[in-house]
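Every number in this text was worked out from the coordinates using simple rules, so none of it is lab data. Computed from a predicted model, the values in this text were never measured in an experiment. Counting neighbours? That spans all protein chains shown, and the Cβs are built from the backbone with ideal geometry, glycine included.
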Amino acid sequence: MSSVRINLRGITCLVADSEHYTRDLVAQMLRGFGMSQPILADTGAEAKQILKHQCPELCITEAVLPDISSADLIRWIRKLNGPIRFVPTIVLTGYTQLRTVASARDGGANIVIKKPVSPKALFERLVWIARVARPFIETGDYIGPDRRFRTIDPPDGSFKRDSDDPALTTDSDFERVDEKLLQNKKGSAPRWLAK
């Protein structure tokens, strides 16, 4: 990943965290990555007010704000009209129990990062978000990036089921699936990924 470049100049980011130390530290990291001035919020209400008037290209929020959970804040963002609903969202938490991570994921977060966060970890997650454009999913109870994002290729020449017959599958079947996924994709890679 050391050869990957992202350009954060001109990119706006909302950082919502009631802990001033963490919020200022994350903002300083973002400035170190080239972002001019992150937008800071102490509470969910303050973050919502900012998001009603501005459309940042990135949101970073604490898992539990004083007045709202990150999952509820992200659900609110995902239900808005316009490009703001597709904003990549990172959740920071000091508690990485499965229920905390699952709650953020099921709320529509792109990724969850354990606190304390290092500049290297934050930068690697930003690069990952920029490089791995996941389709945006809307179902009855979920709006957000596709939660299935493992990109492990199947083993060469082996099949999992007896019914898996390579003669029944053609390359054109996979091309049709890929084209359909691309046509249905509402989200896209952030504009800050350098080409």
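Each of Cys13, Cys55 was scored by other Cβ atoms within 10 Å of its Cβ. Arranged with the fewest first, they read Cys55, Cys13.
Among Ser36, Ser18, Ser70, a tally of other beta-carbon atoms within 10 Å of each Cβ gives an order, fewest to most, of Ser36, Ser18, Ser70. Between Gln54 and Leu98, the contour length at 0.36 nm per residue exceeds the alpha carbon distance by 12.6 nm.
Quick one: Ile90, Ile113, Ile39, fewest Cβ neighbours within 10 Å first, how do they rank?
Working: Ile90 23, Ile113 20, Ile39 17.
Sorted ascending by nearby Cβ count, the order is Ile39, Ile113, Ile90.
For the range 58-118, what is the per residue volume of the convex hull drawn over the alpha-carbon atoms, in cubic angstrom?
Values: hull volume 4.5 nm³, N = 61.
For the range 58-118, the hull spanned by Cα atoms encloses 73 Å³ per residue.
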